[in-house]
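Below is one structure; the comments refer to it alone.
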């Protein structure tokens, strides 16, 4: 799942913060160009344990909900030190907290942690908020770079398709031209034959 150096970095940062906040579960997510939450890094044992069907690393904006969804939509840190209501098959969540990652007023990501043995506190929130402030410009630069790379890749794909279409059109015109030349040559040959027959002596 962690295929790139950036994704491995996210996993390493997540592991570090899991230890700092003494949490069983957690995730890091960033906001895609489609305004969805993409989670390249979750607690490494969370997916095998979670039995929710069709779980994915992309959480569509329309499906944001619960405490983590409120953190994203309200763009503020929240704590819930009580049992969470979760979908059937979801890992039980006894307490959790999270913080949005915001850069120059734009929501670009989130950290969320859950299931510490003791309640999360305002001190935890302040520490995570400082961490997100530090990470925000780095993450923003990474996201902008990825967007440019994706745009270039799409343009390259479009160029390949356009070139292929152009080549097909040229080949079609060449075939049409060859057919017209062949027709013209046949007409010339027919005219010669008619002229020959016309000028031939009658028997």
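The values are calculated or read from the model by the stated rules, or taken from the named source; none is laboratory data. What you are looking at is a predicted structure, and each value in this text was computed from that prediction instead of being measured. Because the Cβ atoms are built from the backbone with ideal geometry, glycine has one as well, and the counts that use them run over all protein chains shown.
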Practice problem: Please report, ordered by residue number, the helices (runs of 4 or more DSSP H) entirely within the stretch 1-105 with at least 2 residues that are modelled with pLDDT of 80 or more. | Solution: 5-20, 66-74
Quiz item: What's the number of the condition residue 134 fails, among (1) in a helix (DSSP H, G or I); (2) over 27 Å from the mean Cα position of the chain (by Cα); (3) closer than 30 Å to residue 28 by Cβ?
Solution: (2)
Quiz prompt | Tabulated pairs, the stretch 148-177, first assigned to a helix (DSSP H, G or I), second exposed (fewer than 10 other Cβ atoms within 10 Å of the Cβ) and modelled with pLDDT of 80 or more, C-beta under 9 angstrom, 6+ apart or interchain | solution = none
Exercise. Determine if the stretch 127-146 includes at least one residue that is more than 22 Å from residue 12 (Cβ to Cβ), surrounded by fewer than 17 Cβ atoms within 10 Å (Cβ to Cβ), at pLDDT below 95 and touching a helix residue (DSSP H, G or I) at 6+ places or on another chain (Cβ under 9 Å).
Key: no
